[in-house]
Amino acid sequence: MSKTYRWGVLAPGRIAAKFVQEIRELPNVRLWAVGSRDLERATAFAREHQFERAYGSYEALVSDPELDVVYVASPHVFHTEHTLLCLKHGKAVLCEKAFGMNAEEVRSMVDAAVTGNRFLMEALTTPHQPSYRDAYAIVQSGELGKILHINGWFGFNRSPYDPEGRLLNPLLGGGALLDIGLYPLFDALWFLGDPLQIQASADLTESHIDRSITVNMTFGDHATASIFASFYSAIGVGTYIFC
């Protein structure tokens, strides 16, 4: 019989609610505890999604001795702090994307997980989707020839403009690259590997947050990729792979 894992949610919100709706379908998951800086918010989320416990602080959540895994759903800028808190208390961690604000933060999280021998993973759904795996298998088979170019995009119109909202607030890790640009960027890296050259530009707000970004990359074997992400262009999401 497979082990049942008691799951906790750190920082309940809209994304956390979506995650819980999916994970509750798994047979070995027990919705155990919710942690928030606001006990009322934690209690309301726990009641709505049928968790067994609610805590009014993140420290109290990760101190629960019966909790196995924590889903970290706080804004990007807090991911490293909250992931390290969970790992310090011996919990496995699934951290929402973007994993960290920079490479140094990611290294500190990975090092802590290795040192403590604890599971740590970024919650990026893309490579686990059946359609995505099928596309990867087709490309890898060579039946379409080698990849010449990848063009990826993700955009929506975030109106009205709100400099204090999560998407554009520097104190909350805002910006198009970390919020939505990482999806087409991941596609390019997943199919083509590490780039040899990167050229990037951005349309910045007055607080120097990227509301639109463009990245052009050159890879081995003469392959190239271009990605675009924006909070001001309702282009949807997609990726073309030209072979």
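The values are calculated or read from the model by the stated rules, or taken from the named source; none is laboratory data. Just so we're clear, the structure is a prediction, and the values are computed from it rather than from any experiment. Positions of Cβ are backbone-derived with ideal geometry, glycine not excepted, and every protein chain shown enters the neighbour counts. All accessible areas refer to the heavy atoms of the entire protein, side chains included, with ligands and DNA or RNA removed. Shrake-Rupley method; radii C 1.70, N 1.55, O 1.52, S 1.80 Å.
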Projected label distance in nm at Lys3 and Leu26, using a 7 Å step from Cα toward the beta-carbon: 1.2 nm
Under 27 Å, Cα to Cα: Lys pairs in the chain, sequence gap 8 or more or different chains: 8
Accessible-area composition of the chain, carbon plus sulfur, in percent [1.4 Å probe]: 55 percent
With at most 16 other Cβ atoms within 10 Å, longest stretch of the chain clear of loop trypsin sites (Lys or Arg not before Pro) (DSSP): 38-145
Order of exposure, largest accessible area first, which applies to Val20, Val77, Val139 with probe 1.4 Å: Val77, Val139, Val20
Solvent-accessible surface ranking, highest first, for His89, His76, His128 at 1.4 angstrom: His128, His89, His76
With DNA, RNA and ligands ignored, accessible area of Phe154 (1.4 Å probe; Å², nearest 10): 50 Å²
Restricting region 10-69 to GluC sites (Glu not before Pro) in coil, as DSSP defines it, with at most 15 other Cβ within 10 Å: Glu25, Glu52, Glu66
Å² of accessible area per residue within the chain, as computed with a 1.4 Å probe and no ligands counted: 54 Å²
Per-pair calculated FRET efficiency, R0 = 45 Å: Tyr240 and Ala44 via Cβ, rounded to 0.05: 0.60
Pairs of Cα atoms farther than 35 Å apart, the chain, %: 21 percent
Cβ-derived FRET efficiency at R0 22 Å, Gln199 paired with Tyr232, nearest 0.05: 0.55
Rounded FRET efficiency, nearest 0.05, which uses the C-beta distance separating Ser63 from Thr115 and R0 of 22 Å: 0.65
The chain - share of DSSP beta bridges that are antiparallel (%, nearest 5): 45 percent
Computed P(r) (all Cα pairs; region 8-67; 10 Å bins; percent): 26, 58, 16, 0
Of Ala176, Ala33, Ala60, the one that fluctuates the most in a GNM where the chain has Cα springs shorter than 10 Å: Ala60
Long-range HN-HN contacts of Ala123 with modeled amide H, under 5 Å: Cys95, Glu96, Lys97
